[in-house]
């Protein structure tokens with residue numbers, strides 16, 4: 001089963017100049033292994049709890065030999081809640097325990113040539129979740145002098161098409177409803193009319209690719225994305241990296 005990933009557009013800049021791919025890798029490697037604050041409040045509280053780890057580079061086995069970067073972002077836990085059961089009182093006891101060694105983390109896969117990265121969206125005891133990891137990466141990169149990281153969620157059809165060239169999209173899930181009153185595109189209009197004919201108020205779905213394969217976009221998928229972008233629903237993409245050369 002593939003990991004869930006979130007897609008983001010990104011730009012890495014120093015002194016307002018966007019970094020080329022190799023300069024991005026050099027900058028990311030400069031941050032490796034050091035703990036930094038996750039934002040202004042953490043800096044004021046002298047809380048150094050965010051770290052960049054395992055920066056790597058490889059090339060995909062495609063016609064362009066596309067360069068790909070990977071890295072991980074982690075945050076220190078510092079303390080965890082231990083819950084025990086009191087049988088006599090039939091109650092739960094919660095105790096805060098120090099844990100200065102453990103971290104949560106998420107993995108990143110970036111394709112600098114298209115300015116998009118995917119971040120592991122698992123969460124729980126071991127993983128921090130994609131959104132939190134993207135925020136912490138942005139804060140990390142800003143630790144470089146005169147540096148800025150522009151990170152924005154990417155989930156439109158154009159991003160989807162670009163992602164399919166670089167990643168295998170294993171799952172496409174959606175919730176949509178017919179447009180009212182204006183269709184965002186001809187494809188969305190056709191799909192909305194079909195939903196009305198079937199007397200569908202709201203449609204839910206999830207498409208999963210065959211094992212070791214990626215989904216291929218078609219007109220129905222484009223119509224679903226168009227409806228979601230226009231406010232008539234939501235969609236989510238789960239890409240996984242293609243096998244490197």
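For the pair residue 122/residue 148, report the inter-label distance in nm, with labels modelled 7 Å from Cα in the Cβ direction.
Going from the residue 122 label point to the residue 148 one covers 3.6 nm.
For the chain, what class follows from the C-alpha gyration tensor (a ≥ b ≥ c being the square roots of its eigenvalues): rounded when a/c is under 1.5, otherwise prolate if a/b is larger than b/c, else oblate? Could you put the intermediate results ahead of the total?
Details: a/c = 2.04, a/b = 1.29, b/c = 1.58.
Oblate shape, in that a/c is at least 1.5 and b/c is the bigger or equal ratio.
Place a label point 7 angstrom from the Cα of residue 182 along the Cα-to-Cβ direction, then list the residues of segment 197-234 whose backbone nitrogen is under 18 Å away.
What the label zone holds, given the 18 Å backbone N cut-off, is 226-233.
Can you bin segment 1-90 into rounded, prolate or oblate? Criterion: square roots of the alpha carbon gyration tensor eigenvalues sorted a ≥ b ≥ c, rounded for a/c under 1.5, prolate for a/b above b/c, oblate for the rest.
Numbers: a/c = 3.22, a/b = 1.69, b/c = 1.90.
Oblate shape, in that a/c is at least 1.5 and b/c is the bigger or equal ratio.
Considering only C-alpha atoms, what is the centroid distance from segment 177-209 to segment 1-57, in Å?
39 Å
Say a paramagnetic label sat at a point 7 Å from the Cα of residue 81, along Cα to Cβ; which residues of segment 89-133 have their backbone N under 13 Å from it?
Once the point is set 7 Å along Cα→Cβ of residue 81, 92-97 turn out to lie under 13 Å by backbone N, inside segment 89-133.
No value in this document is a laboratory result; all are computed from the given coordinates. None of the values given here were measured: they were computed from a predicted structure. Every residue, glycine as well, gets a Cβ built from its backbone with ideal geometry; the counts of neighbours run over all protein chains shown.
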